[in-house]
Amino acid sequence: MNKIDEGVLREDLKKLIAEIVEVEPDKITPDANFVEDLGMDSMMALEILASVEKKYKLKIPEENLVKITNLDKVVELVDKLLE
């Protein structure tokens, strides 16, 4: 798959996460902790993982779920998997 501009990727992921966690996108700062700051639970985490896989046609190993703690980590993970 073609590499996606990181700025575009970041905005897309921010919207996707905001929708699942049910917060305004501007609450999702690069380092806002999904669980502590945004109230994400494990079901939301799985939903984010599934949505990202579907949107970018990726397979994200489930052990990466624990690494998805903030927007920067999600962008980093997806960016790496798209290479």
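Taking residues in the range 24-45 that are of a type in the set (Lys, Arg), and partners anywhere that are part of a helix (DSSP H, G or I), the pairs with Cβ atoms closer than 9 Å and at least 6 places apart or on different chains are LYS27/ALA18; LYS27/VAL21.
On inspection, ASP12 qualifies as modelled with pLDDT of 95 or more and surrounded by 14 or more Cβ atoms within 10 Å (Cβ to Cβ).
Total residues in the range 51-65 satisfying the condition of being surrounded by fewer than 11 Cβ atoms within 10 Å (Cβ to Cβ) and part of a helix (DSSP H, G or I): the figure is 3.
When LYS15 is tested against (1) charged (D, E, K, R); (2) part of a helix (DSSP H, G or I); (3) touching a residue at least 12 places away in the same chain (Cβ under 8 Å), just one condition goes unmet, and that condition is (3).
Looking at ILE48, ILE17 in this structure, which one is crowded, with 18+ Cβ neighbours inside 10 Å and at pLDDT 95 or above?
Values: ILE48 fails: at pLDDT 95 or above.
Only one candidate passes the filter, namely ILE17.
The values are calculated or read from the model by the stated rules, or taken from the named source; none is laboratory data. The shown structure was predicted, so the numbers you read here are calculated from the model rather than taken from an experiment. Note: ideal-geometry Cβ built from the backbone for every residue, glycine included; neighbour counts use all protein chains shown.
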